[in-house]
Amino acid sequence: MTWQLAPVTLPPDVETSMNTETQSSNEYTAVRDGGAGVLDLSSRGRLLLSGSEAVMFLNGLITNDMKTLSNDSWMPAVFPNVQGRVIAAVRIIHRSDGFLIDMEGVSLDTVTKLLQRFTAAGDFHLTDLTGETAMLSIQGANASSVIQQVLGVEAGMVPRGQVANVQLADGGEVNLIRATHTGEDGFDLFAAANDGPRLLGMLNQAGALPIGDETAEILRIEAGIPRFGIDLDETKVVTETNLDDAVSFTKGCYIGQEIIARIKYRGHVANKLTGVQLDQDSTVEAGSRILSVDEKEIGRITSATISPQLKTTTALGYVKYDYLKPGTRLKVVSAEQEYSAAVAGLPFIRGSWFTGEGSAGA
C-alpha cells in the first residue's frame with residue numbers, strides 16, 4: 001500500500017525548560033492516559049536481506065515460518081542456537097527490496113556474523129542499514145490519530161501484521177507497521193536517516209510528546225515486554241521467554257527446532273518469564289533473588305520499575321514452573337532487604353493495544 005503526502009510545516013523547537021521529574025510524568029501520562037508519545041528507536045539494528053535464496057536460508061535459521069510472509073507484511077521471530085536458546089529476538093518486514101530485519105542494537109553484530117556465513121553459498125545478500133535509516137515509534141491510544149494527521153488516513157488504519165508504504169511529497173519513503181512497545185496502540189516508522197528529524201518534528205506538531213529512555217523503560221516493564229540483553233540472552237531457551245508468537249510449530253526444520261518442539265509437546269520448561277509485583281513501591285535491582293514463602297530460591301529478577309499507575313514495584317523475572325500461578329506469594333531479596341511480593345500475570349497494565357481502545361481501534 002503506497003500513498004502520497006502533501007508537505008507539512010515543521011514545528012518550532014519543543015520547550016525544554018521543565019524539570020526532569022515533571023517531564024517524565026508528562027511523558028508517562030501522554031502514553032498511558034489517552035494521548036500519544038514518540039520514541040526514537042534509531043539505536044536498534046536494521047539489516048536488509050535480499051536475493052532469490054533469502055527465504056530458504058533464513059527459514060532454516062529462525063523460529064517463525066518465512067514461507068507464510070507475504071509482501072508488505074511482517075512477523076516476529078527468534079534466532080536460536082542448536083540448544084534452542086535465544087541468540088536474538090527480531091522482527092522481519094517483507095519489503096519490495098527484500099527482508100528488513102529489525103532487532104535490539106546489542107544483537108546486530110551477532111546476527112550480522114551469523115548471516116554473513118551464508119552470503120557466499122548462493123543468491124543471498126546482506127546490507128547493514130542501521131546507519132542509513134531512522135526508526136521512530138508512536139505509542140498511545142491517540143497514536144492512530146497522530147499517524148493520520150502526519151502520514152494519511154490509510155496509514156493510521158494499517159492492520160496488525162501489514163506494512164504501509166508512504167511516499168513523502170518532497171522525497172523519501174516511510175515504511176510503517178502497527179506495533180507496541182508499551183501495551184498501548186502504536187506504530188513503528190522506518191525512514192531514511194536524513195528524513196528522521198523532520199518526521200519527528202511532524203509527529204511532535206501533531207501532538208506526540210517526545211518520550212525519554214527512562215519513561216520508555218517504565219512503560220515496557222508495565223507491558224510485560226522482555227528486552228534482549230536485559231530479560232533475554234543466550235542462556236534462555238526460547239520457550240522460557242513468552243515469545244510464543246515468534247515461533248511456528250508447523251514449519252520444517254530449523255536450528256534448535258528439536259529441543260523447542262520437544263519442550264512444547266512433551267513437557268514444560270523448568271523456569272519461565274513472568275511478572276512479579278511487590279506489595280510496596282521499593283527500588284529493586286536486576287539480579288535480585290526471588291524466594292518462595294518457605295525460603296527456597298526459585299528465581300531472579302531481570303528488570304524492575306515503580307509503576308506510576310499501580311503505585312507499586314513491578315518486575316519481570318524467571319520463576320520455577322511450580323510457582324508460576326498468578327497470586328502465588330513470594331519474597332524478593334534486593335540489597336539485603338526482603339520484600340513481600342506475588343506472581344502477577346502479564347501484562348501488568350492492559351492498555352489500548354489489548355483493549356482495542358485506540359483512536360481508530362487496534
Only Lys, Arg, Asp and Glu count, each charged at its Cβ (+1, +1, -1, -1), so figure out the dipole size of the range 146-201 about its Cα centre, rounded to 20 debye. 60 debye
Spin-label model distance (nm) - A270 vs F249, 7 Å beyond Cα toward Cβ: 2.2 nm
What is the mean projected area of the alpha carbon convex hull for the range 112-244, to one decimal in square nanometres? 10.4 nm²
Using a 1.4 Å probe on the protein chains only, how many percent of the accessible area of the range 272-313 belongs to carbon and sulfur? 44 percent
Determine the gain in length on full extension of the stretch E173-Q309; use 0.36 nm per residue of separation and subtract their C-alpha separation, reporting nm with one decimal. 45.2 nm
Expressed per residue, the solvent accessible area of the range 258-328 in Å² (1.4 Å probe) is about 54 Å²
Whole-number accessible area per residue in Å² for the range 136-222, which is evaluated in the context of all protein chains at 1.4 Å: 29 Å²
When 1/r is averaged over all different Cα pairs and the result inverted, which Kirkwood radius in Å belongs to the range 259-305? 12.8 Å
Carbon plus sulfur, as percent of the 1.4 Å-probe accessible area of the range 153-258, comes to 51 percent
Using Stokes-Einstein with the Kirkwood hydrodynamic radius over Cα pairs, what translational diffusion coefficient do you get for the range 203-281 at 37 °C and a viscosity of 0.692 mPa s, in µm²/s rounded to a whole number? 210 µm²/s
Ignoring everything except DSSP H segments at least 4 long, calculate the 222 nm mean residue ellipticity for the chain; use -39,500 (n - 2.57) per segment, divide by total residues, nearest 500. -5500 deg cm²/dmol
Measure up K296/K320; K272/K296; K311/K331; K67/K236 against 20 Å on the Cα-Cα distance and list the ones that go over. K67/K236
Compute the accessible area per residue over the range 47-102, keeping the other protein chains in place, probe 1.4 Å, unit Å². 32 Å²
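The values are calculated or read from the model by the stated rules, or taken from the named source; none is laboratory data. The model shown is predicted, which means the values in this text are computed figures rather than measured ones. Quick reminder, even Gly has a Cβ in these numbers, built from the backbone with ideal geometry, and neighbours come from all protein chains shown. Only protein heavy atoms, including side chains, enter the accessible area calculation; ligands, DNA and RNA are left aside. Shrake-Rupley method; radii C 1.70, N 1.55, O 1.52, S 1.80 Å.
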